[in-house]
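*Asks:* Pasting a structure below so you can have a look.
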Amino acid sequence: MVVSPKIAPSMLSSDFANLAAEAKRMVDLGADWLHMDIMHLALSKGYLVSRYSRVYNSLCYSGRHFVPNLTIGAPVIESLRKHTSAYLDCHLMVTNPMDYVEQMGKAGASGFTFHVEVAKENWQELVSKIRSAGMRPGVALKPRTPVEDVYPLVEGETPVEMVLVMTVEPGFGGQKFMPSMMDKVRALRQKYPTLDIEVDGGLGPSTIEAAAAAGANCIVAGSSVFGAPEPGKVISLLRTSVEKAQPIT
């Protein structure tokens, strides 16, 4: 295969009271990565707060500024790291990702994915700092962000190693998978055949074929895995779909 499938259950959909056990369960059922969303949680009037899966999950603004509280932060990553050797795929939805690199590295994060929308001016420094902290750099883009915005980060002297295409608008609960985002995935796959391309939002048995056919190989799935009677079968289905979509070499 040109790129290997990486199935990453979103731990935001897990039972937080038993996070270590849930992580072990997912790995035992065949998960490659554990997806950890690091997001600001708005507590004040005027901030956007939404329900995503079973926990509060938000990309929150007051004007253009995020609030400082986090849903999952470095202490949770550090605690979980004591109980698993799994790849912790951390997606930071924050306006100041540079401030979190050192603490996430020390906590044991494996991957550090930041948003291109907040790092257009300092991404070279940010990527270098992520690598120096022992983590794998990735960049994410929201649905309204042109895919071309991430090209320089993939082609740079110190490039990111993964692009995460959001297939729902972050910060709003109850959304459906956005098929139109597959144009971005296709463009990335055509341009970068060996790049890890991740998709997040509304992924499950009914949407994986479209994502895999477009070229996504890293699949984040929350409620479709944790809410399934047999999560292992869903993980296997996601993996098989990615494998079948791989071009013959």
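The values are calculated or read from the model by the stated rules, or taken from the named source; none is laboratory data. All values reported here derive from a predicted model rather than from experimental measurement. So basically every Cβ, Gly included, is an ideal-geometry build from the backbone, and we count neighbours across all protein chains shown. Just so you know, the surface numbers come from the protein's heavy atoms only, side chains and all, with ligands and any DNA or RNA stripped out. Shrake-Rupley method; radii C 1.70, N 1.55, O 1.52, S 1.80 Å.
*Asks:* If we count every other residue with Cβ under 14 angstrom of D183's Cβ, Lys/Arg +1 and Asp/Glu -1, where does the sum land?
*Replies:* In short, +4.
*Asks:* For K142, go through the aspartates and glutamates and keep the ones whose alpha-carbon is under 16 Å away, minus same-chain ones fewer than eight residues off.
*Replies:* Counting by Cα, and skipping residues close in sequence, K142 has these aspartates and glutamates nearby: D37, E117, E169, D183, E198, D200.
*Asks:* Turning to a different aspect of this structure: Quote to one decimal, in nm, the extra length available between V2 and N96 on full extension: 0.36 nm per residue of separation minus the C-alpha distance between them.
*Replies:* That works out to 30.5 nm of additional length.
*Asks:* Which ³J(HN,Hα) values in Hz, rounded to whole numbers, follow from the phi angles of region 5-13 under the Karplus curve 6.51 cos²θ - 1.76 cosθ + 1.60, where θ = phi - 60° and Gly and Pro get x?
*Replies:* Residue by residue, region 5-13 yields x, 9, 9, 10, x, 7, 5, 5, 9 Hz.
*Asks:* Mind giving me the FRET efficiency for T194 and T240? R0 is 30 Å, r the Cβ-Cβ distance, nearest 0.05 is fine.
*Replies:* Step by step, r from the Cβ atoms, then E = 0.90.
*Asks:* Taking the Cα centre of region 6-245 as origin, work out the dipole magnitude from +1 charges on Lys and Arg Cβ and -1 charges on Asp and Glu Cβ, in debye rounded to 20.
*Replies:* That gives region 6-245 a dipole magnitude of about 380 debye.
*Asks:* I want to check the label-to-label distance for N18 and K120. Put each point 7 Å from Cα in the C-beta direction and report it in nm to one decimal.
*Replies:* Spacing of the two 7 Å Cα→Cβ label points: 4.6 nm.
*Asks:* Please work out the FRET efficiency for the pair S223 and T84, using the Cβ-Cβ distance as r and a Förster radius of 25 Å; give the result to the nearest 0.05.
*Replies:* 0.75
*Asks:* Roughly how much of K24 is accessible, in Å² to the nearest 10, using a 1.4 Å probe?
*Replies:* 120 Å²
*Asks:* Another one. Hey, any idea what % of region 6-245's accessible area is carbon plus sulfur with a 1.4 Å probe?
*Replies:* In region 6-245, the share of accessible area belonging to carbon and sulfur is 51 percent.
*Asks:* Obtain the nm distance between the two label points defined at E161 and D149 by a simple spin-label model: each point lies 7 Å from its Cα along the Cα-to-C-beta direction.
*Replies:* 2.5 nm
*Asks:* Rank S79, V116, C90 by how far each Cα sits towards the positive end of the charge dipole of region 6-245 (+1 on Lys, Arg Cβ; -1 on Asp, Glu Cβ) and give me just the farthest.
*Replies:* Result: S79, furthest along the dipole toward the positive end.
*Asks:* Taking the Cβ of R144 as the center, what net charge do the other residues with Cβ under 12 Å away carry, scoring Lys and Arg +1 and Asp and Glu -1?
*Replies:* Summing Lys/Arg as +1 and Asp/Glu as -1 gives -1.
*Asks:* Using the Karplus curve 6.51 cos²θ - 1.76 cosθ + 1.60 with θ = phi - 60°, what ³J(HN,Hα) values do you get for each residue of region 232-243, in whole Hz, with x for Gly and Pro?
*Replies:* Going residue by residue, I get x, 5, 5, 4, 5, 5, 4, 5, 4, 5, 5, 4 Hz, with x marking Gly and Pro.
*Asks:* Can you give the accessible area of F114, probe radius 1.4 Å, in Å² rounded to 10?
*Replies:* Accessible surface of F114 is approximately 0 Å².
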